[in-house]
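Input: a single structure, listed below in C-alpha cells.
The values are calculated or read from the model by the stated rules, or taken from the named source; none is laboratory data. Computed from a prediction, not measured in an experiment: that's the story for all the values here. Please note: Cβ atoms are built from the backbone with ideal geometry, for glycine as well, and neighbour counts cover all protein chains shown. Side chains included, ligands, DNA and RNA excluded: accessible areas come from the protein's heavy atoms. Shrake-Rupley method; radii C 1.70, N 1.55, O 1.52, S 1.80 Å.
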Number of protein chains: 4
Amino acid sequence: MPLARIQQSFSRQGLMTTLGARLEKVELGFVEIALVPTPAVSQQHGFVHAGAVAAVADSAAGYAALTVMPEGTGVLTAEFKINLLAPAAGERIVARGRVVKAGRTLTLSQADVFAVKGGEEKLIAHLTATLMNIVGRDGVVD
Amino acid sequence: MPLARIQQSFSRQGLMTTLGARLEKVELGFVEIALVPTPAVSQQHGFVHAGAVAAVADSAAGYAALTVMPEGTGVLTAEFKINLLAPAAGERIVARGRVVKAGRTLTLSQADVFAVKGGEEKLIAHLTATLMNIVGRDGVVD
Amino acid sequence: MPLARIQQSFSRQGLMTTLGARLEKVELGFVEIALVPTPAVSQQHGFVHAGAVAAVADSAAGYAALTVMPEGTGVLTAEFKINLLAPAAGERIVARGRVVKAGRTLTLSQADVFAVKGGEEKLIAHLTATLMNIVGRDGVVD
Amino acid sequence: MPLARIQQSFSRQGLMTTLGARLEKVELGFVEIALVPTPAVSQQHGFVHAGAVAAVADSAAGYAALTVMPEGTGVLTAEFKINLLAPAAGERIVARGRVVKAGRTLTLSQADVFAVKGGEEKLIAHLTATLMNIVGRDGVVD
C-alpha cells in the first residue's frame, strides 16, 4: 500500500498545503507532485520561486524513496542539489521523483520538474537528493 | 542603497510572504532572512520542511549576490545545493547569505542556516548557490 | 564529425592519459569514457579514488555537452556534483555522459558511472554538471 | 596524533602520488594538500583538469573529517559538489579542507582551493562534501 502510506504522510506536510501542492501519483519508487503557479509561490519576477520548485521536487524525491522503505522506516533529506534550467512559469508545475539507488543507510533519488503550458511539458529543473534512512527514532516514521 | 533595492525586490517575492519570512539585514555582499517555524511550513515530522529551509537560504544567497550587482542587473539562481545538518526546529530559523565570488557571468554565494532556541544558535543547513547575472532581459531586474 | 573533434580534444587532456582513461564512444549528446582500476588511481582502501571517478565522469559529461556545441564554441565546467553510491572496484569503470539540456549560456549534463565485474554492470556514481558555453575566448575551444 | 594517522593514510592514496599531490598541513579539523600544475594533470586548454582539482579538494575535505573521527573509524565520501570559479593555473594549487559539522553518521566538510602565482592566492574552487562515518567494516579504516 505505498499509496495510503505516502498520502497520509503527505497530508501532514503543512508546507505542501501552504504551497497548494497536490500528490498526483504514487508507484513503487516513483512519486509525482504538482503545483499551480500563483503569486503566493512567486519570486520577484513573477516566476515560481526556486524554493517552491525545490520544495515539491524534494518532496517527490523523498517520497519516492519512502515507497521502497520497509514499514517503520522513515527518511530525512541529508542534502539535495537542484539545477534550474528555465524560468518556472506555466499552468502547472509537475515534479516527478524516482529512486536511483536505495542503500542500507543512504538512498539516492532524483526528480525532474516540468512546466506544463498548452498541453506541452518543458523540463525546467533537475534535482538529486540523498535521503538518510531512519529506523527507530521517535517521531521520524514515514 | 542596497537596502532599499533588496527590500523592494523581497517584498515582491510572494513566497517569502507566504512562508512568513522576513528580511532582517542587508549589507554589501550579505543578507539575512528569518522564518518562524509554524505548521504551515512543516514536513511530516513537524520540523520545518527542507524546501522552506532551502527557500529562505536561496533567497538570502541570491540577494547577497544582488547587493554587489550594478543597478539594472538582476540575478537568477542557476543551481543550488543544500546540506541539511540537523532537524530544523526552534523559535526562529535564520539564513545568512554571503557572496563567495562575483564573476562576470556567474556568482557563487553561500548561506548558513541556524535554528535559534533559548538564545542559542545551532547550524542546521549549509547552501551554495550559483547565480546567473542577467542584463537586459525584460522583467528580470533586481 | 563529433567523434574527431572530441578525440582530438580528449587526447590533449593530460589527466586522462595519466589516469589511463580511454574514450570509448561518442554520439551526438553522448560520450563514454572507461578506466581500468589500478593502484595508481586508488584511495587508501584500494578502491578507485572518488577524484578519479569524478574526473572521468566530468570529462564524459563535459564532452557530451561539447558534441552539441557549434564549432568554435568550447565548454568549461562551472560546477558538478557527484553521488558515490558504492565503492569503485572491478575490472573496468565506465562513465556515460549525456546532455540533459543545452542552453545559450549554460548546459546541464549528467553522467552515470558503472563498475564492470564478471560481465555485470553496477551503478557506482551519478554526476550532474553545469557547463558554461565559451565563445571567443582565446585558447578555450573544444 | 592526527598527523601520523593522516600521513599514513595519505601515502596509501595512489592517486595522490600519481597527481604529484603533497600533504602540507594537518590540524584537528583541517587539512591542506598542494599540487603543482603539470601537463600530466591538465585538461584540453592547459588548465588543471576539474577532476584533479576535485581530487585534491575531496582528499583535503575527507581527511579533515578523519582528523575528528575516533581511532578505528574511517570515512568514505558519499557525495561532493564543487564550484569551479576560475581556471586552475599558477605555480601551485592548494586545497584547504575544513570540517563544518561532524555528526554520528554523516560529516560535512568543505574545501577552498587556491591558485598561487607570484606569491598571491586566488580562490579558484569551492567544494562541499558529505562523508559517511564507517565503523567496523573490514578494510575501511583511516
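Just to verify a number: FRET efficiency for C:Glu121 and B:Ala40, C-beta to C-beta distance, R0 = 51 Å, to 0.05? List each step's numbers first, then the result.
Details: r = 46 Å, r/R0 = 0.90.
So the FRET efficiency works out to roughly 0.65.
Remark: relative contact order (chain C) = 25 percent; criterion is Cα-Cα distance under 8 angstrom and separation of 6 or more residues.
Chains C and B: how much accessible area gets covered up at their contact, both sides added, probe 1.4 Å, in Å² to the nearest hundred? Show your work: numbers first, answer last.
Values: alone 7480 and 7470 Å², together 14450 Å².
For C against B, buried area totals roughly 500 Å².
Pairs of alpha carbons in the protein assembly as shown separated by more than 45 Å make up 10% of all such pairs.
Distance between Cα centroids, the stretch B:1-60 to the stretch D:73-142: provide it in whole Å. Here the two parts' Cα centres lie 29 Å apart. Proximity of backbone amide H atoms, modeled 1.01 Å from N, is registered between B:Arg92 and B:Val116 at under 5 Å, excluding neighbours fewer than 5 places apart on the same chain.
If only the Cβ of Lys and Arg carry +1 and only the Cβ of Asp and Glu carry -1, the dipole of the stretch A:36-142 around its Cα centre is close to 220 debye. Peptide packing for C:116-129, C:55-68, C:14-27, D:120-133 was compared via the average number of neighbouring C-beta atoms within 10 Å per residue; ordered from the highest value, the list is C:55-68, D:120-133, C:14-27, C:116-129. Amide H contacts of C:Gly103: C:Leu108, each under 5 Å away and 5 or more positions distant or on a separate chain (H built 1.01 Å from N in the peptide plane; Pro and chain starts excluded).
Grab the alpha carbons of the stretch A:75-126, take their convex hull, and tell me the volume per residue in Å³. Walk me through the intermediate numbers first.
Details: hull volume 4.2 nm³, N = 52.
Per residue, the Cα convex hull of the stretch A:75-126 comes to 80 Å³.
In the calculated pair-distance distribution of chain D, the portion above 23 angstrom amounts to 29 percent of the Cα-Cα pairs.
Helical runs assigned H by DSSP (4 residues or longer) give chain D a calculated mean residue ellipticity at 222 nm of -7500 deg cm²/dmol, each run adding -39500 (n - 2.57) before division by the residue total.
Stretched out straight at 0.36 nm per residue, the stretch from B:Thr17 to B:Ala86 would grow longer than its current Cα-Cα span by 22.4 nm. Ranked from shortest, the separations from the 7 Å Cα-to-Cβ label point of B:Leu3 to its equivalents in the other copies are 5.0, 5.6, 6.5 nm.
With r defined as the distance between the Cβ atoms of A:Thr73 and D:Glu24 and R0 fixed at 45 Å, what FRET efficiency is calculated, to the nearest 0.05? Present the calculation step by step, with values, prior to reporting the outcome.
Numbers: r = 43 Å, r/R0 = 0.96.
According to the calculation, E is roughly 0.55.
When the listed pairs A:Lys101/C:Lys101; B:Lys101/C:Lys25; C:Lys81/D:Lys101 are checked against a 26 Å cut-off, the alpha-carbon distance exceeds it for B:Lys101/C:Lys25. Amide H to amide H, with H built 1.01 Å from N, D:Ser42 comes under 5 Å of C:Gly14, C:Leu15, D:His49, counting only residues 5 or more places away or on other chains.
What average number of partner chain Cβ atoms lie no more than 10 Å from the Cβ of the residues making up D:58-66?
On the way: counts 8, 5, 0, 0, 5, 1, 0, 0, 1.
Mean partner shielding for this stretch: 2.
The fraction of accessible area contributed by carbon and sulfur in chain A is 53 percent, rounded to a whole number (1.4 Å probe; ligands and nucleic acids excluded).
Going by alpha carbons, how many degrees (0 to 90, nearest 10) lie between the helix axis of C:2-11 and the longest principal axis of chain C? Roughly 60 degrees between the two axes.
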